[in-house]
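FYI, it's all coordinate maths here, none of it is from the lab. All of these numbers come straight from a predicted model, not from anything done at the bench. Counting neighbours? That spans all protein chains shown, and the Cβs are built from the backbone with ideal geometry, glycine included.
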Amino acid sequence: MLVGSTVMVAQEPPVKMGLWESNSVVDNGDGSPVKAKMRSCITTADWEKIVQGDMKQHPGCKNSMAKTATGYSFDVNCSNPKMTVQAHGTTHIVDAEHTQSEMHMTTTFQGKTNNVVTRSEGHFVSASCGAVQPGSPQEIE
């Protein structure tokens, strides 16, 4: 979800590479938010893909990402005859070991609209990823 100009690739990443843990709360407005805790391995190669905007493009979708004063933002818009999805997210880099993210997503399927807000806080755990492989986050607890 993070992207900026390709000039950033030559610079040191603003966050530490290695094992990261995130705590998320997903609220779909029904009064019962869902909490999740994940661990992810972030490598320099992953970071370069992020800052170059190397997000997977799906048919019917348009993705855009931009560097902000304190991190990154992204927008995703997808549509097909049965469904539309619009999402906007931001990631604030607090420091090299802490991030805060928020995403608002609206999905309309067969005339019914659902709004979901996800808020996450991430922190650096270790330079070693251990058993967590890049690109394969693991849910914990």
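Got a sec? Which residues in the stretch 22-37 would a label at residue 131 touch, if it sits 7 Å along Cα→Cβ and we count backbone N under 19 Å?
22, 37
Let me know the longest stretch in the chain that avoids all trypsin sites (Lys or Arg not before Pro) found in a DSSP loop with at most 11 other C-beta atoms within 10 Å.
Values: sites that count: 56, 82.
Free of exposed loop sites, the longest segment is 83-141.
Tell me which residues come under 5 Å, amide H to amide H, from residue 94 once H is placed; ignore anything under 5 positions away on its chain.
99, 100
Rank 106, 38, 80 by how far each Cα sits towards the positive end of the charge dipole of the chain (+1 on Lys, Arg Cβ; -1 on Asp, Glu Cβ) and give me just the farthest.
The one lying farthest along the dipole's positive direction is 80.
What pairs from 37/112; 16/62; 62/112; 16/37; 16/67 go past 25 Å between their alpha carbons?
Flagged as over cut-off: 37/112; 16/62.
For a quick check, take a GNM of the chain with Cα springs below 10 Å and name the residue from 33, 13, 81 with the largest mean-square fluctuation.
81
Short version: ³J(HN,Hα) in whole Hz for each residue of the stretch 111-126, in order, from phi by Karplus 6.51 cos²θ - 1.76 cosθ + 1.60 (θ = phi - 60°), x for Gly and Pro, what are they?
Ordered by residue, 3J(HN,Hα) equals x, 9, 9, 10, 10, 10, 10, 10, 10, 9, 10, x, 9, 5, 10, 6 Hz.
Can you work out ³J(HN,Hα) from phi for every residue in the stretch 84-100, in order, using Karplus 6.51 cos²θ - 1.76 cosθ + 1.60 and θ = phi - 60°, giving whole Hz and x for Gly and Pro?
Karplus values, whole Hz, x for Gly and Pro: 10, 9, 10, 9, 9, x, 9, 10, 9, 8, 5, 7, 4, 10, 9, 9, 9.
Set the Förster radius R0 to 25 Å, insert the Cβ-Cβ distance between residue 27 and residue 123 as r into 1/(1 + (r/R0)^6), and round the FRET efficiency to 0.05.
0.75
Calculated from DSSP H runs of 4 or more alone, at -39500 (n - 2.57) each and per residue, what is the 222 nm mean residue ellipticity of the chain, nearest 500?
Roughly -1500 deg cm²/dmol at 222 nm, from the helical runs in the chain.
Please work out how much length the chain gains when fully extended from residue 114 to residue 84, using 0.36 nm per residue of separation minus the C-alpha to C-alpha distance, in nm with one decimal.
Values: separation 30, 0.36 × 30 = 10.80 nm, distance 1.06 nm.
Using 0.36 nm per residue and subtracting the Cα-Cα distance, I get 9.7 nm.
List, largest first, the extents of the alpha carbons of the chain along their principal axes, each in whole Å.
46, 36, 28
About the Cα centre, and with charges only on the beta carbon of Lys, Arg (+1) and Asp, Glu (-1), how big is the dipole of the stretch 6-127? Nearest 20 debye, please.
440
Using θ = phi - 60° and the Karplus form 6.51 cos²θ - 1.76 cosθ + 1.60, what ³J(HN,Hα) does each residue of the stretch 58-68 get, whole Hz, x for Gly and Pro?
9, x, x, 10, 10, 10, 9, 9, 8, 7, 10
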